[in-house]
């Protein structure tokens with residue numbers, strides 16, 4: 001058994017992109033499989049009001065993003081985007097490439113609240 005981890009990452013060209021990775025569920029019992037225990041560096045809760053939208057930015061510290069309420073859209077350079085709803089998640093790791101100066105026409109992603117409910121998220125640093 002495995003868990004699908006959606007990852008927002010920085011591709012070789014410096015642009016943010018999505019990929020999926022499999023996390024093996026090797027722990028626990030047959031009726032409740034678990035991944036190996038992973039360390040974390042703390043968590044933050046965020047509430048974003050209806051109408052929230054960020055500018056392009058890179059993730060400063062890799063972190064899990066869990067959508068607790070509402071919907072969150074992540075936009076990529078070139079116009080692609082992906083919407084995550086309550087109960088969904090992704091791992092945000094689109095860091096600025098080493099030695100690069102941030103260029104909002106190349107690097108990072110934007111995020112926004114979608115719909116008529118505030119966006120409630122839980123960030124867990126990885």
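Since every read-out is calculated from the coordinates, none of them should be taken as a lab result. Everything numeric here is computed off the predicted structure, so don't read it as measured data. Virtual Cβ from ideal backbone geometry, glycine too; neighbours counted across all protein chains shown.
For the chain, a Gaussian network of Cα nodes joined below 10 Å ranks 51, 99, 42 by mean-square fluctuation, and the top entry is 99.
A Gaussian network model of the chain, with springs between Cα atoms under 10 Å, assigns the largest mean-square fluctuation among 63, 77, 44 to 44. Approximating the spin labels as points 7 Å out from Cα along Cα→Cβ, the residue 106-to-residue 38 distance works out to 2.9 nm. Only one item in (1) 1.18; (2) 1.11; (3) 0.94 matches Cα Rg over 2.2 N^0.38 Å derived from the coordinates shown, and that item is (2). Need one number: nm distance between label points at residue 47 and residue 61, each 7 Å from Cα along Cα→Cβ, rounded to one decimal. Spacing of the two 7 Å Cα→Cβ label points: 2.3 nm. Extension gain for the segment residue 25 to residue 88, taken as residue separation times 0.36 nm less the Cα-Cα distance, is 20.9 nm to one decimal.
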